[in-house]
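Below is one structure, written out as structure tokens; the observations come after it.
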Amino acid sequence: MATQDGNALGDLGDAGTPIGRRVVLGMLGLGALGIVVGDRVQGAVESALRPVTQNDPTGLSSFVPTAGRFRIYSVTAQLPERSRDEYRLTVDGLVERPLTLGFDDLTSMPQSELVRDFQCVTGWRVPDVRWKGVLLRDLLEEAGVSDGATHLRIWSFDGAYTESLTLDQARRGDMLAAHEMLDGPVSREQGGPVRLFVGPMYGYKSLKWLERIEVVDALHPGYWEVRGYDVDAWVGRSNGRDDEPTS
Amino acid sequence: MRAQPAEAAATPSPGPGLIARFSRAERALHWATAAAVLTCAVTGFVLYVGPLTALVGRRTLVKDVHVVAGLAMPVPLALAYAGRWRDSVRADVRRLARWTAADRRWLVSRGREATGEVGKFNAGQKANSAFVLGMIPIMIVTGSIMRWPDPFALSYRTGATFVHDWTAIATWVVVAGHVLIALSDPGSLRGMLTGWVTRSWAERRHPRWAAGQGPPSTPPVSMKRATAPYDDRRPAHGGTRGRPHRGQELAQGARGHPRRRHRR
């Protein structure tokens with residue numbers, strides 16, 4: 001039998017060019033490039049795909065990354081679950097009339113609708129999301145904010161997540177306790193039955209699974225804010241990012 | 001002296017018309033890698049599709065499984081190179097890595113031309129293996145940036161997510177194609193399941209390889225349709241050093257080892 005590798009291989013030996021190696025190295029190069037420029041490229045990819053993804057009867061395009069799709073994040077092991085019947089929203093703290101509202105109480109209050117882009121601090125953006133719910137300022141009005149109050153401390157029923165807003169921010173016209181988004185009820189993974197929507201700020205401010213709004217007289221930084229994210233998370237003017245503002 | 005002892009090891013043929021295609025180490029490498037990749041694919045899909053995430057609920061558990069399976073992807077390859085069995089792996093890796101002009105013709109014509117030139121691996125198999133070898137480090141690096149983002153600038157995290165998502169979609173497509181083609185070619189699938197293929201299949205699909213696999217079949221007298229496959233652990237020089245109980249295993253195999261169910 002053979003004494004050389006080539007003959008021992010019999011069928012091919014060392015003939016041919018090492019394309020396999022080039023493919024692997026090429027992929028690694030592209031991957032590294034993508035990590036560096038992906039932040040800038042994905043906007044272009046998204047706009048290039050938008051004509052397809054917006055007129056797609058199959059729904060398959062919802063699987064395409066960056067083409068205006070929400071990503072689901074949570075900070076707890078289990079996605080929390082609460083039915084509309086079980087749902088309660090508490091407004092308390094420095095207020096004259098603490099409130100406990102069921103889902104139907106919320107929907108029978110004056111409703112506001114907003115259409116805004118949703119921008120995540122990790123880079124993805126969903127254009128023209130429709131939101132419906134109760135303005136935070138109407139809730140605060142109903143409860144009656146006491147003198148000396150300056151901030152809101154907002155709690156999620158996932159048991160871990162919190163957020164903060166100043167009273168001035170909370171009284172803007174683009175701050176909702178939302179029970180509809182994307183033309184339907186807020187789904188469980190999107191933070192249903194009721195979540196916060198903070199129009200002008202990065203997505204982490206729009207707390208999911210809204211349970212309690214506590215009116216306080218000091219800043220209590222939220223879950224990500226104690227982990228280094230900006231408290232005032234204006235889109236395009238915080239967290240070292242320059243995205244186009246959403247409100 | 002043989003340069004590729006495990007390759008050339010004279011294992012008794014298990015039956016008339018059968019030739020050894022993959023060693024046990026290679027099959028273990030293939031299926032262990034496949035298990036890790038499929039686990040990542042399924043858990044990744046659950047994490048990626050919101051309603052599915054909600055349906056499964058236990059997002060942290062799914063995420064942990066995804067991360068562990070991802071980090072495990074290169075382990076089989078490392079182990080395949082770590083022992084005496086490495087020769088068979090190394091020889092096939094070399095075959096997979098090199099492309100001839102005939103490979104290009106075969107690929108461009110989607111398997112219609114240059115069929116007589118195909119060696120142990122066709123161009124599709126070569127492309128598949130190169131993709132998987134490139135995919136694994138990309139997914140591990142980008143996945144690690146996503147999982148442990150603290151040291152990285154925000155733009156790198158975004159870029160890593162971007163690369164991870166698109167590479168995942170490419171991997172779904174490649175793996176789905178790989179599985180469909182394997183299912184449509186039972187002879188090939190059987191090679192990866194049992195280690196053995198029929199000579200007629202090999203001559204049809206991999207003629208240049210089949211031509212180098214000994215004389216056209218004349219079965220050893222005493223072996224009737226044994227199922228134990230090609231054994232790369234067998235001493236290369238025909239001696240008995242190593243594992244004296246090998247023969248027992250082979251005999252067991254011949255009498256109805258569970259692997260038999262893969263035979264037709």
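Odds and ends about this structure:
- Approximate spin-label separation residue B:78-residue B:42, in nm, with each point projected 7 Å along Cα-to-Cβ: 2.5
- The A and B chains share an interface that buries close to 4300 Å² of accessible area, total over both sides, probe 1.4 Å.
- Ordered by solvent-accessible area of protein heavy atoms (1.4 Å probe), largest first, the residues B:171, A:90 come out as A:90, B:171.
- Cβ-derived FRET efficiency at R0 41 Å, residue A:168 paired with residue A:28, nearest 0.05: 0.25
- Whole-angstrom gap from region B:73-136 to region A:218-233, using each part's C-alpha centre: 52
- Relative to the dominant Cα principal axis of chain A, helix A:19-54 is inclined by about 40°.
- Extending 7 Å from the Cα toward the beta-carbon at both residue A:150 and residue A:218 defines two label points whose distance is 1.0 nm.
- For chain A, alpha-carbon Rg relative to the globular expectation (2.2 N^0.38 Å, N residues): 1.38
- Residue A:47-residue A:142 pseudo-label distance in nm [points 7 Å out on the Cα-to-Cβ vector]: 4.2
- Amide H within-cut-off set for residue A:239, under 5 Å, with H built and near neighbours excluded: A:230
- Cβ-defined net charge surrounding residue B:96, 10 Å radius [Lys, Arg +1; Asp, Glu -1]: +4
The values are calculated or read from the model by the stated rules, or taken from the named source; none is laboratory data. This is a predicted model, so every value here is computed, not measured. Neighbour counts run over all protein chains shown; Cβ positions are idealised from the backbone, glycine included. Note: accessible area is taken over every heavy atom of the protein model, side chains too, but ligands, DNA and RNA are not part of it. Shrake-Rupley method; radii C 1.70, N 1.55, O 1.52, S 1.80 Å.
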